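Read the structure below first, then the notes.
The values are calculated or read from the model by the stated rules, or taken from the named source; none is laboratory data. Please read all numbers here as calculations on a predicted model, not as lab measurements. Cβ placement follows ideal geometry from the backbone for every residue including glycine, while neighbour counts extend to all protein chains displayed.
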């Protein structure tokens, strides 16, 4: 017994040593837990080494503009909600509570859409900044491709910020993807944001091609159009005029002479439109606005807007639809007509078109006291609509004519009417009497409550909320 | 894969190297002292030979098993002690005392603790000597229940384990929580499953878009594919002592599933055949046509609408006002049939045992239409040990496959809300009746189907070699493979014409998923004895790899609906997901167990883990636990002073385990391809904000327990108190949107605490030769609390959780009354702003987690009759019928209780006035009501979960053919005040639990 125990004890250290050796040998291979990437993902660095992957990263942003952004054509996009917020649309469906809040100008800081528009915009801005940073750092792209990518990205960065400060007033201008920095970012003054937007658009102009292309991606002229609008909204009449007139003079985008063609996919006056998710799919706008039963299942055009159309305005017959229940008639925006898929896509959501550019040129000219030039651009649109040209008038009456023309030309498109009333300072004057809840402070939306909670540096909340 | 083979190769090499060096040094031979062959025979008290008795030379690993005739042969020194043990018999220690032949008689064990051996995963431990919290449910209890999911077998049987089924639909999943919710993330609370030593991932391979609508909780869980009757035992590891050896995956407990093994004995053929009938256990008490019509008319009168509008088809004369259909009966009132046939062949000698078995299970549904769930499974295992008992080998393979065929949408909501005078389902020609498009025929949903086909293979091999008498090396090798194929069709015919005829509106979703995983675990166990102290040392390693692949597609617009399942016939095809993921896992683990005289036991466990789910700097982490037990009944003063105390043990444990259920690749900065397309380019989007530095969730568990056996173990009492604190919570830290994302994965300094008491009581009430009666009770009082959460207010969890409250709370409005003047609900305006709105006015907290739960089993045996009665109970609150938000007065049928509504000014009632959908105020108030405290009420229940009567017609020993007849019932009776369909499922839009009665026989040849 003794002998046995002795031997056993002696062997223990040796066995332990061997075991340890075994374990150390195996444990040494720590990279056992290294794994390959999943097949549906690419590392960030790799994306920017390749032309087609950068292109795909940009494609995703355009697709998201269509699917999840303030510019989408659904019932939670700006075209629909800001139509109710101003005086374009009346709500008939009481169950659409979120729409009701906009319709009654009773939007809270906790509002879903207020939150989503903010969140979706900044989410896409992150993607845009990643592209700018990635393309800048990439050493394997051709110069021409690099310029196009950067140009599109700067354009998109300007676009998102443009709508953000129009909607929310002071907003942070986000120009990097660094989340540590962006998580306690502060709001920038409007002039600063505007200046950055203009800078980005100027940069985009330098980088983008002047060729027309398929109109599904922004080019030089698209940047020009947005720049014209940004200057106009900010009251920079000369700059607005220059850009708009440049674009008209370029001649590459003539007005569609038949109003029935303006919203077709091959309309010559379209500067930029969003491609569908797959061939044959048409716009969300048609699905959102068009109805076939009375009373309207959701919303209809406000009778005042309907009344604002002059007699024989071709736009009324071409762009407004109606339903009659035997007694009453209800009207709806009928710019986009295809509610169902077609063999080939025939209508795309148009984000920038010459109709607006003519109106920018007209207004800027009139503001600069070039009344006859202004009248020329205004009448170009009127005659396209089959209306008699305006003979003339003083500055104020012509500005009123521009406002009227904008109302009937641009209705139900991305909230033009609301932004017009806001920038001209006429919102309270026009909407106050119409809408019981309207308050002066309603010209901007509240900063989403949840965002203020997450980043108190965004405070204080906008007045009135 | 290259890497893998490299490592496996290296492992072999190093093993070989070590073995060789051991042999060369000559010590292996020298260490084994010269020993004699000892042989003998084991019999029971009546002198009949006992086969399969475990015989071990004390304090060594050397052992054997007695053969069919009870004989055995073992190498032992003249001074050694042989220990004989077998389940159901009292263990016996017999000194060899120089003899060459030892005759042993073993007594049947009448105590309950007996020699219960628990599987603790990497090691085994006896019930008496365990230091950790391990609960066991064995085949006897599992087999008594006509169930198809292994988790169902555990319901109510184990303290601290809360299990409920998600739906009564065949193939639906179960939810399980062991000792409460630890993780703030809802999806991070699954336990770790190990089947025969092989980690088993239960995350679904299904595609949401294909299956979510019918099966609550997603597609078929891989666990569901396992056949419960193949299971020998399920052990649940709960405390730190038991789970720490599973390290980073043990935080939510570990479920060990062990399949049946062959036993020593004559070759035996067994058939188990049962069939049964099932129906939903409850339906709602709904209005009949006359009551319904009266309600609708009153609603229009209340809203001042006259005449009845054109779209009120139910009462304006469009539909027959005299028709009455019990839609619950029609849509989900069918009888489900259950058939289960099992055959097995087993047997073996002392050296080699085998078992093969096959099982077929079929269950039809209670839903209208022909739907069923079929399962086919096969199992084989082989055990072998060499003549000199040095080499042992086990091989087992378990294959199961299931086919499920279901409608695309559940019909319970339709069944409980269709107006009773709604039209016929079919027209005269047998087609779906649309009644001139005045209703949505519920059968429209049956036009589409959901079908899934899943299979699962678990293979396991274990090889062990005893180098020295107390030193064994072994290796466990496992492989699993799971496949799932799903299709969900949505043909245009589910719409009324004209859409119904337009096959452009037809679509189908396909999903194909596959998972393979392997595990390799070399292990070294050494069990020396020094004086009166036994040591058990275990050292092992784990290498694990898993690959998941899934392709989901959507196909739409077909030339004809008959080709809807053919992707080639679709006009549009799009990929929903194409995913391939890899997971790698590596660990070293160890255990040191000290047992001094069977009185003082110390158990130390530890594990170092590495997982590919974490970034390079956070890949490895350590976990460990200490457990101690004092068997005070073995102390002289107790044994002498308290003779009625047959067993007493105090135990305590403390330690850490972790949770890595975060998903793969989360630490990487990547771009993903989604389904978003722009001008024929598929979009590539940044997947996440990346943080390479997040790490495991860690869970500190503390437990104190007392186990007592009284009156010769006729009464056994277990009490345990636990406190688990889960911190370093792995959550998405909320970020403002300006960062581009709503969160970044990181460890949040939040702490969730689960505390609770678990009580168990087992008594043998009567024990005589002809009659035995025993009772088991288990009871759990859990408590969950969010202890800390920095910046909760600013986080996305702000509306969900409150510090100091359980994670199971929900915030609701406070219903005050029905205003006697207006007849509408009124709620407390907490912030006093004049309107009832979300957040500020949802101030009432309701805790939906159970207050206590448990089970009570009575087992009675009288001669050849045996009766088992098992009750399960839970005390809890739950969402009731009102939470559905169906407005009294709307064009939907209602429970009769709404008739206690407000009618005239001054009425003091609980239900608001009948109103139509055009009354916005009533509708708003009704919606608020469905989110108020009135929609949450007592959902406690006592359920007769299982009743089993059996009669042993003959036994194999006496008649050469054993025949057992049995009658079993599941969910036979539910005692509850719950206002809804089923207090266990707590959803009023899915099929409640089924009540099954089955009849069967077990034949043994």
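Check residue B:649 against each of (1) modelled with pLDDT under 90; (2) more than 14 Å from residue B:243 (Cβ to Cβ) and name the one condition it does not meet.
Only one criterion is unmet by residue B:649, namely (1).
Filter the range A:440-464 down to the residues that are in a loop (DSSP other than H, G, I, E, B) and more than 13 Å from chain B (Cβ to nearest Cβ), then identify the one that is surrounded by the most Cβ atoms within 10 Å (Cβ to Cβ). Lay out the reasoning, then the answer.
Pass one, the range A:440-464, residues in a loop (DSSP other than H, G, I, E, B): A:444-448, A:455, A:459-464.
Checking the rest, the ones that are also more than 13 Å from chain B (Cβ to nearest Cβ) come to A:444-446, A:460-464.
On the way: A:444: 19, A:445: 22, A:446: 24, A:460: 10, A:461: 13, A:462: 18, A:463: 11, A:464: 11.
Per the criteria, the residue is A:446.
Considering each of A:226, A:216, A:201 in turn, give the residue that is within 14 Å of chain B (Cβ to nearest Cβ) and closer than 21 Å to residue A:353 by Cα. Talk me through it step by step, then tell me what you get.
Working: A:226 fails: within 14 Å of chain B (Cβ to nearest Cβ); A:201 fails: within 14 Å of chain B (Cβ to nearest Cβ).
Result of the check over A:226, A:216, A:201: A:216.
Take the residues in the range B:504-522 that are surrounded by fewer than 20 Cβ atoms within 10 Å (Cβ to Cβ) and farther than 30 Å from residue A:342 by Cα; name whichever of them is nearest to the other protein chains (Cβ to nearest Cβ).
Among those residues, the one meeting the criterion is B:520.
Given the options B:689, B:684, name the one that is within 14 Å of chain A (Cβ to nearest Cβ), surrounded by 19 or more Cβ atoms within 10 Å (Cβ to Cβ), part of a strand (DSSP E or B) and free of Cβ contacts under 8 Å to residues at least 60 places away in the same chain. Write out each step before concluding.
Numbers: B:689 fails: part of a strand (DSSP E or B).
After applying the criteria, what remains is B:684.
For the range B:574-591, give me each residue that is more than 9 Å from every other protein chain (Cβ to nearest Cβ) and either within 27 Å of the chain's Cα centre (by Cα) or crowded, with 16+ Cβ neighbours inside 10 Å (or both). Let's see the steps before the verdict.
To start, the set of residues in the range B:574-591 that are more than 9 Å from every other protein chain (Cβ to nearest Cβ) comprises B:575-576, B:587, B:589-591.
B:576, B:587, B:589, B:590, B:591 - these are the residues of the range B:574-591 that are more than 9 Å from every other protein chain (Cβ to nearest Cβ) and either within 27 Å of the chain's Cα centre (by Cα) or crowded, with 16+ Cβ neighbours inside 10 Å (or both).
With surrounded by fewer than 24 Cβ atoms within 10 Å (Cβ to Cβ), more than 25 Å from residue A:60 (Cβ to Cβ) and either under 21 Å from the mean Cα position of the chain (by Cα) or assigned by TED's automatic domain parsing to the domain that holds residue A:64 (or both) as the only criterion, which of A:351, A:359, A:264, A:305 stands out? Walk me through it before giving the result.
On the way: A:351 fails: more than 25 Å from residue A:60 (Cβ to Cβ); A:359 fails: surrounded by fewer than 24 Cβ atoms within 10 Å (Cβ to Cβ); A:305 fails: either under 21 Å from the mean Cα position of the chain (by Cα) or assigned by TED's automatic domain parsing to the domain that holds residue A:64 (or both).
Every option except A:264 fails the conditions.
Being under 23 Å from residue B:919 (Cβ atoms) and assigned to a strand (DSSP E or B) is the filter here; which residues of the range B:270-300 pass it?
Here is the first cut: in the range B:270-300, the ones under 23 Å from residue B:919 (Cβ atoms) are B:286-287, B:291-300.
Selection gives B:286 alone.
Just the residues that are surrounded by fewer than 16 Cβ atoms within 10 Å (Cβ to Cβ) and modelled with pLDDT of 90 or more, please, taken from the range B:789-815.
B:803, B:804, B:805
Take the residues in the range A:82-102 that are more than 10 Å from chain B (Cβ to nearest Cβ) and free of Cβ contacts under 8 Å to residues at least 60 places away in the same chain; name whichever of them is farthest from residue A:303 (Cα to Cα).
Of everything passing the filter in the range A:82-102, A:98 is farthest from residue A:303 (Cα to Cα).
Here are B:751, B:739: which of them is surrounded by 18 or more Cβ atoms within 10 Å (Cβ to Cβ), within 12 Å of chain A (Cβ to nearest Cβ) and without any contact (Cβ under 8 Å) to a residue 60 or more places away in the chain?
B:739
Quick check: is even one residue across the range B:775-783 touching a helix residue (DSSP H, G or I) at 6+ places or on another chain (Cβ under 7 Å) and crowded, with 21+ Cβ neighbours inside 10 Å?
Restricting attention to the range B:775-783, the residues satisfying the condition of being touching a helix residue (DSSP H, G or I) at 6+ places or on another chain (Cβ under 7 Å) are none.
So far as the range B:775-783 goes, no, none of its residues is touching a helix residue (DSSP H, G or I) at 6+ places or on another chain (Cβ under 7 Å) and crowded, with 21+ Cβ neighbours inside 10 Å.
Quick one: would you say residue A:270 is buried (at least 21 other Cβ atoms within 10 Å of the Cβ), within 16 Å of residue A:354 (Cα to Cα) and not assigned by TED's automatic domain parsing to the domain that holds residue A:63?
Details: buried (at least 21 other Cβ atoms within 10 Å of the Cβ): yes; within 16 Å of residue A:354 (Cα to Cα): yes; not assigned by TED's automatic domain parsing to the domain that holds residue A:63: yes.
Yes, satisfied.
For the range B:696-706, check the following and say yes or no: at least one residue is surrounded by 19 or more Cβ atoms within 10 Å (Cβ to Cβ), within 14 Å of another protein chain (Cβ to nearest Cβ) and either within 30 Å of residue B:646 (Cβ to Cβ) or in contact with a helix residue (DSSP H, G or I) (Cβ under 8 Å, 6 or more places away or on another chain) (or both).
Yes: the range B:696-706 contains one or more residues that are surrounded by 19 or more Cβ atoms within 10 Å (Cβ to Cβ), within 14 Å of another protein chain (Cβ to nearest Cβ) and either within 30 Å of residue B:646 (Cβ to Cβ) or in contact with a helix residue (DSSP H, G or I) (Cβ under 8 Å, 6 or more places away or on another chain) (or both).
Return the residues of the range A:28-54 that are in contact (Cβ under 8 Å) with a residue 12 or more places away in the chain and either touching a strand residue (DSSP E or B) at 6+ places or on another chain (Cβ under 6 Å) or under 26 Å from residue B:550 (Cβ atoms) (or both); say none if nothing qualifies.
Once the filter is applied, which keeps residues that are in contact (Cβ under 8 Å) with a residue 12 or more places away in the chain and either touching a strand residue (DSSP E or B) at 6+ places or on another chain (Cβ under 6 Å) or under 26 Å from residue B:550 (Cβ atoms) (or both), the range A:28-54 yields A:44, A:47, A:50.
For residue B:661, which of the numbered conditions (1) under 31 Å from the mean Cα position of the chain (by Cα); (2) away from chain A (no Cβ under 14 Å); (3) part of a strand (DSSP E or B) fails to hold?
Result: residue B:661 fails condition (3) only.
Condition check: in contact with a helix residue (DSSP H, G or I) (Cβ under 6 Å, 6 or more places away or on another chain) and either at pLDDT 90 or above or assigned to a loop (DSSP other than H, G, I, E, B) (or both). Does residue B:969 satisfy that? If you could, list the steps in order and put the result at the bottom.
Working: in contact with a helix residue (DSSP H, G or I) (Cβ under 6 Å, 6 or more places away or on another chain): no; either at pLDDT 90 or above or assigned to a loop (DSSP other than H, G, I, E, B) (or both): yes.
For residue B:969, the condition - in contact with a helix residue (DSSP H, G or I) (Cβ under 6 Å, 6 or more places away or on another chain) and either at pLDDT 90 or above or assigned to a loop (DSSP other than H, G, I, E, B) (or both) - is not met.
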